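Enquirer: Mind having a look at this structure? Questions to follow.
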Amino acid sequence: MLRTVIAAVCVLVGFAALGIRFWILQVDRHEGLAARADSNRIGVAPIPPRRGEIMDRNGEVLARNFLSYTLEVVPARSGNMNEMLDALTPIVYVSPAEQRRFKRRVTEGSRYANVVLRNNLNPTEASWFAAHAFQFPGVELRARWVREYPQGKSAAHVVGYIGRIAESDAQQLDDQGLTGNYRGSDFIGKKGIEKTYETQLHGTTGVQEYEVTAGGRPMRTLKRIDPTSGKNLILSLDMRLQRIAEDAFKDHRGALVAIEPATGDILAFVSQPSYDPNLFIDGIDQESWRQLNESLDHPLINRPVYGTYPIGSTYKPFVALAALELNKRSATDVIADPGYYEFAGQKFHNAGGMVFGSIDMYRALVVSSDTYFYSLGPEIGVDNLHDFMKPFGFGQLTGVDIEGEKRGILPSSEWKRAALKQKWYAGESVSIAVGQGYNSFTLMQLAQATAVLANDGVYIKPHLVKALENVRTSERTLTVSEPSYRIPLKKENVQVIKRALADVTTLGTARQAFAGSKYQAAGKTGTAQVYSLKGGKYRADVNERLRDHSLFMSYAPAADPKIAVAVIVENAGWGGSVAAPIARQIFDAWLLGDKEARASNSSLPQAHTPAGVTTQ
């Protein structure tokens, strides 16, 4: 009897314990365990969005996407890498360079992350691998969007390129709280517009939930949130004009920016030499990188915004306008130009030893008298000149929508104290008035200042992206719709400068470049010294890369400007001989019909440099 009671009690206690356990599992801990069960049953996969495309103002595509088959490997599941590659190559060819790149990526990333082995498989290769996929655990055939730059080197510094998300990129995304939106994305904008507008181009990542077996094999889709494609970018560039501008440089190094003064649209943006952004999409090979990185021509530098230069005589129109606006000198005041200006016992000579005699502001601009402007430097003073030039954009970030813009140097006494721990000497104002000395500006700043002058002082932020386009609705939103500010300039003073600049192209230093033009252009030539030469003449042993830069700032038509252009041709000599003919080709292409532009260009004098100066 006692045994029966004890057994009954044990049974009851056992059932009670079992019941309590059931209650704990099914009631008390139901939510947590159900969630864990669902996590084992439900898989979640990100769906990367389609990246927005980039087009010029006429719809010509500069960056697009296409679906491509890729072979991707999860190293932890693929076994011995060398054996896998040896077995795979007879089925789908993987070049030695691709194998080296793959092995490098394996060492750099997680062994459980997908690593691209081969891109752009054709349909035959894809179907052939699919038939043999069972032989290669951890190797998957996937379809994905691939970026392509159909224009190649043309406008490459504008568009930039995308590349694989590096550790630094991942850290930046994490700091910005954007990591979640990049789940499943392998690429990010690295340079140019691709980087500046990364957020708009990338889009929003989608999510797919699916039921899986105990072994992890997908069974069925439970829920799907579609990704939102990135916005398309409509550039202000005109690719027809862009190609004409690039071709005009021939083998010269340099930069060009063309702006529509009324809107701030950048119509052409040239940095020569250029590079092919397609090389960078999946990681550039060592030899290509070495050639680009070690080239003395520095093709990777975005010259219009990153290169800083003394701008020579193209600065003179703004210095003359400053003298008028600050009441330092009237347009009719005449000074003597004996071929030099003497200050504190030092003589500053005209370029080429020219002597112009009695000269006023108008003639000083037309013939480009250095003596006249040397004398203005101490009269105006460095700080007054700094304050006047700043609103035009000199020595400032113009706000152009591309990464990497440099500020340059607009000198002042305060700048010199902070940068060099020295005071400003009055004699230093002599050289800055002719665009030399401490002056160091980007070509983007010169182009923008030219557009502001052409626009009578109205500053409109320059921009490469004209509008953002919603892919689904085709709705477009302008990036810049109104002026930033207006510089208060007296109309009569502006007209003095504009009249002189118009006659530069008919009577002055740019007359040869604009001979026979069917429109009236206005502009100013410039020659910026890179290397100080004893005696002022080039010797045979002077390195070509130390020769003067050739510059030209201009707009046309003079009476109603539709386009403003700034050009620099590195180490090419006189602005009127090399840079001005390039600007003429841009004006012809923009203002005349194709047939007229071709006829006009065929009659242009060939760009040349002065005797004793050679170019590359």
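The values are calculated or read from the model by the stated rules, or taken from the named source; none is laboratory data. The shown structure was predicted, so the numbers you read here are calculated from the model rather than taken from an experiment. Heads up, the Cβs are rebuilt from the backbone with ideal geometry, glycines too, and the neighbour counts pull from every protein chain shown. Surface accessibility is based on the protein's heavy atoms, side chains included, excluding ligands, DNA and RNA. Shrake-Rupley method; radii C 1.70, N 1.55, O 1.52, S 1.80 Å.
Enquirer: Let me have the 222 nm mean residue ellipticity of the chain computed from DSSP H runs of 4+ only, each contributing -39500 (n - 2.57), with the sum over all residues rounded to the nearest 500. Please report the intermediate quantities before stating the final value.
Expert: Details: 22 runs with 208 residues, N = 616.
Computed ellipticity for the chain at 222 nm equals -9500 deg cm²/dmol.
Enquirer: For the stretch 477-492, take each phi angle, set θ = phi - 60°, evaluate the Karplus expression 6.51 cos²θ - 1.76 cosθ + 1.60, and give the result in whole Hz per residue in order, putting x for glycine and proline.
Expert: 10, 5, 7, 9, 10, 8, x, 7, 5, 10, 7, x, 10, 6, 4, 5
Enquirer: With θ taken as phi - 60° and the coefficients 6.51, -1.76 and 1.60, list the Karplus ³J(HN,Hα) couplings across the stretch 190-204 in order, rounded to whole Hz; mark glycine and proline as x.
Expert: In residue order, the calculated couplings are 10, 9, x, 4, 4, 7, 4, 10, 4, 4, 6, 6, 5, x, 10 Hz.
Enquirer: Run through the stretch 472-503 and list the trypsin sites (Lys or Arg not before Pro) located in a DSSP loop whose Cβ has at most 10 other Cβ atoms within 10 Å.
Expert: Details: sites: ARG472, ARG476, ARG486, LYS490, LYS491, LYS498, ARG499; in loops: ARG472, LYS490.
Within the stretch 472-503, the qualifying trypsin sites (Lys or Arg not before Pro) (loop, at most 10 other Cβ atoms within 10 Å) are ARG472.
Enquirer: Once the Cβ-Cβ distance between TYR425 and ASN470 is put in as r, and R0 is 45 Å, what FRET efficiency do you end up with, to the nearest 0.05?
Expert: Step by step, r from the Cβ atoms, then E = 0.20.
Enquirer: Could you give the length gained by full extension between TYR362 and LEU397, i.e. 0.36 nm per residue of separation minus their alpha carbon distance, to one decimal place?
Expert: 9.5 nm
Enquirer: Which ³J(HN,Hα) values in Hz, rounded to whole numbers, follow from the phi angles of the stretch 450-459 under the Karplus curve 6.51 cos²θ - 1.76 cosθ + 1.60, where θ = phi - 60° and Gly and Pro get x?
Expert: 3J(HN,Hα) across the stretch 450-459, in whole Hz: 5, 5, 5, 5, 4, 8, 6, x, 7, 9.
Enquirer: Tell me, in nm to one decimal, what length is gained between LYS390 and ALA344 on full extension, where the rule is 0.36 nm per residue of separation less the Cα-Cα distance? It would help to have the intermediate numbers written out before the result.
Expert: Working: separation 46, 0.36 × 46 = 16.56 nm, distance 2.85 nm.
The LYS390-ALA344 span can extend by a further 13.7 nm.
Enquirer: Kindly work out what percent of the DSSP beta bridges joining two residues of the chain are antiparallel, to the nearest 5.
Expert: 95
Enquirer: Compute the helix-to-body angle for 123-132: its Cα long axis versus the longest principal axis of the chain, expressed 0 to 90° and rounded to tens.
Expert: Orientation of helix 123-132: about 30 degrees from the principal axis.
Enquirer: Considering only protein heavy atoms, what per residue accessible area in square angstrom results for the chain with a 1.4 angstrom probe?
Expert: Dividing the accessible area of the chain by its residue count gives 48 Å².
Enquirer: From the list (1) 52; (2) 16; (3) 34, can you say which value of percent of Cα pairs over 46 Å apart was derived from the structure given?
Expert: Answer by label: (3).
Enquirer: If I model a spin label as a point 7 Å beyond the Cα along the Cα-Cβ vector, how far apart are those points for SER168 and GLU379 in nm?
Expert: 5.0
Enquirer: How many nm is it between the label spots at ASN82 and GLU492, if each spot is 7 Å from the Cα in line with the beta carbon?
Expert: 8.8
Enquirer: Taking 0.36 nm per residue of separation and subtracting the Cα-Cα distance, what length does fully extending ILE6 through LEU67 add?
Expert: 14.5 nm
Enquirer: Taking Cα atoms of the stretch 41-155, Rg/Rh with Kirkwood Rh, to two decimals?
Expert: Radius of gyration relative to Kirkwood radius: 1.04.
Enquirer: Using alpha carbon centroids, what distance separates the stretch 269-341 and the stretch 411-469, in Å?
Expert: 11
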